[in-house]
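Peer 1: Mind having a look at this structure? Questions to follow.
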Amino acid sequence: MEQNTTTKVPDVSSSNALYAKAQEIIPAATMLLSKRPELFAPGTWPTYYKRAWGSKIEDVDGNVYTDFVGDVGATMLGRADPDVNAAVHAAVDQGNICTQNYPGEIELAELLVGIIPCAEQVRFARGGGEADMVAIRIARGHTRKDLVAFCGYHGWHDWYLAANLADDSTLDGHLLPGLRPLGVPRQLSGTTLPFEFNHLQSLKELLESQPGKFAAIIMEATRHHPPEKGFLEGVRELANEHNAVLIFDEVVTGFRMSLGGAQEYFGVTPDMATFAKTMSNGYPMAAIVGKKDIMQIVDEQFISSTYWTDAIGTAAALATIKKIRRIGAIDYVWELGKLLVDGLNEAIAKSGIPAQVQGWPPLTILAFQEEDPDVVAAMKTLFVRRQLSRGFLASSMHYIMASHTRNDVEKYLSAVEKTMAEIKRSLDNHTLMEDIEFRPSRPLFKRLA
């Protein structure tokens, strides 16, 4: 079992067979749309894994790769981290769920209150999307108002997808284009309204269009681009002015930008925030934190779920956060991330291909740039295929984990340099589609059948 170092695309016939079976018996085939092979390199992407450890994965065909996609941001320390797994095993052995409550909930809540600037009280859930849903419920209950202003991506629930009821392209500028609100009650139309990142005036005009009716402003403080000077501070002021609850969605940035999330990094404190993914190193866990006077409305609301009380997620989060702090994992992923960003920029400049590095060192975006979206998709697909052939799982999004080594990054960048040169030759020779050899990736929510 060795990592592939040739330029031949690995055999993934077993993965392809499993995916064909999944398409027959599982609607949409995968539980997370971001794991569909059509998004990477259809027909050649290793869709199913046999084993995952550290920064490595072995697929069901026996191929081994170093992974820079990073579980879509869910893993910070690396897969099968021994300290996190030991905590989870202990929780399983003592009984992961019970008629009574797990005392670790109190310990975790105290830990989060001590770390996150806006946290005075804490509620738990088990996924980022539902954490955002809970936060919106709390904000609406606290303010007794209905409307929500949003910026960025916030999951799959009705409150968010309602933005596309009036115009199914409303969400296109908020990370995931093409989201259809099929199944969302039309009565929710007009309850969730967008504003533009780094455009304070767009939020001001939105809030003033229906004064006194906005319960919340929910946003990602950053994703692909940094907030301009004064933008987050301006959002904070507008939230105060309109008596709206300001919520930072930290599902991606939490415990990765800094220990206290983007709010600590940028020095702007929201009223509430949501966390998931990195906080538990891949185990299901999420947190909704906020100011006490807002959070206490939960005493009057029905927000409850049996599996929000299991010990596994709580134990995993406690072990993960403690280890992130103990080993200085955030500083480490920033250091390796800067190495990655510099190397990607150098490879782009050397090859001359139209591309740009966006985002932040711990969560980096490699954005291919052409006017024709089909050319962009083809460039991304060829990039993924060539990196696969060199032993790396890659996509446009890169998440550095504490289990990555400097050698991992240096080898990846060496492979990227070769891959970029090959993409440039394909562009110059007008053979991009031929060189893909199969078919290009497709937009996330474009019909795949």
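The values are calculated or read from the model by the stated rules, or taken from the named source; none is laboratory data. From a predicted model like this one, the values you see are computed outputs, not experimental measurements. A quick note on method: Cβ atoms are made from the backbone with ideal geometry, for glycine too, and the neighbour counts reach across all protein chains shown. Ligands, DNA and RNA are stripped out before the accessible areas are found, and what is left, the full protein with its side chains, is counted by its heavy atoms. Shrake-Rupley method; radii C 1.70, N 1.55, O 1.52, S 1.80 Å.
Peer 1: Step by step: first the residues of segment 307-345, then only those that are among the basic types (K, R) and open to solvent by 30 Å² or more (accessible area, probe 1.4 Å), then the one that is farthest from the chain's Cα centre (by Cα). Which residue is that?
Peer 2: R326
Peer 1: Just need a number here: residues in segment 41-65 that are in contact (Cβ under 8 Å) with a residue 40 or more places away in the chain and in a loop (DSSP other than H, G, I, E, B).
Peer 2: Summing the residues that are in contact (Cβ under 8 Å) with a residue 40 or more places away in the chain and in a loop (DSSP other than H, G, I, E, B) in segment 41-65 gives 11.
Peer 1: Is it fair to say V298 is touching a Leu at 6+ places or on another chain (Cβ under 8 Å) and at negative phi?
Peer 2: no
Peer 1: Name every residue in segment 77-95 that is charged (D, E, K, R) and either part of a helix (DSSP H, G or I) or over 9 Å from G282 (Cβ atoms) (or both), in order of residue number.
Peer 2: Listed by number, the residues that qualify are D83, D93.
Peer 1: Of the residues K424, K418, K411, which single one is open to solvent by 20 Å² or more (accessible area, probe 1.4 Å) and more than 29 Å from Y49 (Cα to Cα)?
Peer 2: That would be K424, the only listed residue that is open to solvent by 20 Å² or more (accessible area, probe 1.4 Å) and more than 29 Å from Y49 (Cα to Cα).
Peer 1: Go through E38, E107, E24 for me and flag whichever is touching a Leu at 6+ places or on another chain (Cβ under 7 Å), open to solvent by 60 Å² or more (accessible area, probe 1.4 Å) and outside any loop (DSSP other than H, G, I, E, B). Can you show your working first?
Peer 2: Working: E38 fails: open to solvent by 60 Å² or more (accessible area, probe 1.4 Å); E24 fails: touching a Leu at 6+ places or on another chain (Cβ under 7 Å).
None of the other options fit; the residue is E107.
Peer 1: If you check every pair at least six apart or on different chains, which have Cβ atoms under 7 Å apart with a residue in segment 75-93 that is surrounded by 15 or more Cβ atoms within 10 Å (Cβ to Cβ) first and a residue that is assigned to a loop (DSSP other than H, G, I, E, B) and of a type in the set (K, R) second?
Peer 2: Pairs found: M76/R256.
Peer 1: Across segment 346-374, what is the number of residues that are open to solvent by 20 Å² or more (accessible area, probe 1.4 Å), assigned to a strand (DSSP E or B) and of a type in the set (S, T, N, Q)?
Peer 2: Final tally of qualifying residues: 2.
Peer 1: So, one more: Determine whether E130 is closer than 21 Å to I312 by Cβ, touching a strand residue (DSSP E or B) at 6+ places or on another chain (Cβ under 9 Å) and part of a helix (DSSP H, G or I).
Peer 2: Yes, satisfied.
Peer 1: Is there a residue in segment 393-405 that is at negative phi, part of a helix (DSSP H, G or I) and open to solvent by less than 50 Å² (accessible area, probe 1.4 Å)?
Peer 2: no
Peer 1: I'm told F438 meets every condition in (1) of a type in the set (F, W, Y); (2) closer than 23 Å to G43 by Cβ; (3) in contact with a strand residue (DSSP E or B) (Cβ under 9 Å, 6 or more places away or on another chain) except one. Can you identify the failing condition by its number?
Peer 2: F438 satisfies every listed condition except (3).
Peer 1: Picking from L147, L165, which residue would you name as being of a type outside the set (D, E, K, R), at pLDDT 95 or above and touching a Lys or Arg at 6+ places or on another chain (Cβ under 7 Å)?
Peer 2: None of the other options fit; the residue is L147.
Peer 1: With the checklist (1) touching a residue at least 60 places away in the same chain (Cβ under 8 Å); (2) surrounded by 15 or more Cβ atoms within 10 Å (Cβ to Cβ); (3) closer than 30 Å to L182 by Cβ in hand, flag the one item F438 doesn't pass.
Peer 2: Looking at each condition in turn, F438 falls short on (2).
Peer 1: Would it be correct to say that D408 is over 20 Å from I57 (Cβ atoms), part of a helix (DSSP H, G or I) and touching a residue at least 40 places away in the same chain (Cβ under 8 Å)? Lay out the reasoning, then the answer.
Peer 2: On the way: over 20 Å from I57 (Cβ atoms): no; part of a helix (DSSP H, G or I): yes; touching a residue at least 40 places away in the same chain (Cβ under 8 Å): yes.
Taking the combined requirement at face value, the residue does not satisfy it.
Peer 1: When you go through Y160, Y153 one by one, which is the residue that is part of a loop (DSSP other than H, G, I, E, B), under 17 Å from E250 (Cβ atoms) and in contact with a His (Cβ under 6 Å, 6 or more places away or on another chain)?
Peer 2: The unique qualifying residue is Y153.
Peer 1: Hey, another quick one. Restricting to segment 419-446, give me the number of residues that are at pLDDT 90 or above and closer than 16 Å to F368 by Cα.
Peer 2: Counting residues in segment 419-446 that are at pLDDT 90 or above and closer than 16 Å to F368 by Cα gives 11.
Peer 1: I'd like to check which helices (runs of 4 or more DSSP H) are fully inside segment 236-334 and have at least 2 residues that are among the hydrophobic types (A, V, I, L, M, F, W, C) and within 28 Å of A90 (Cα to Cα).
Peer 2: 311-327
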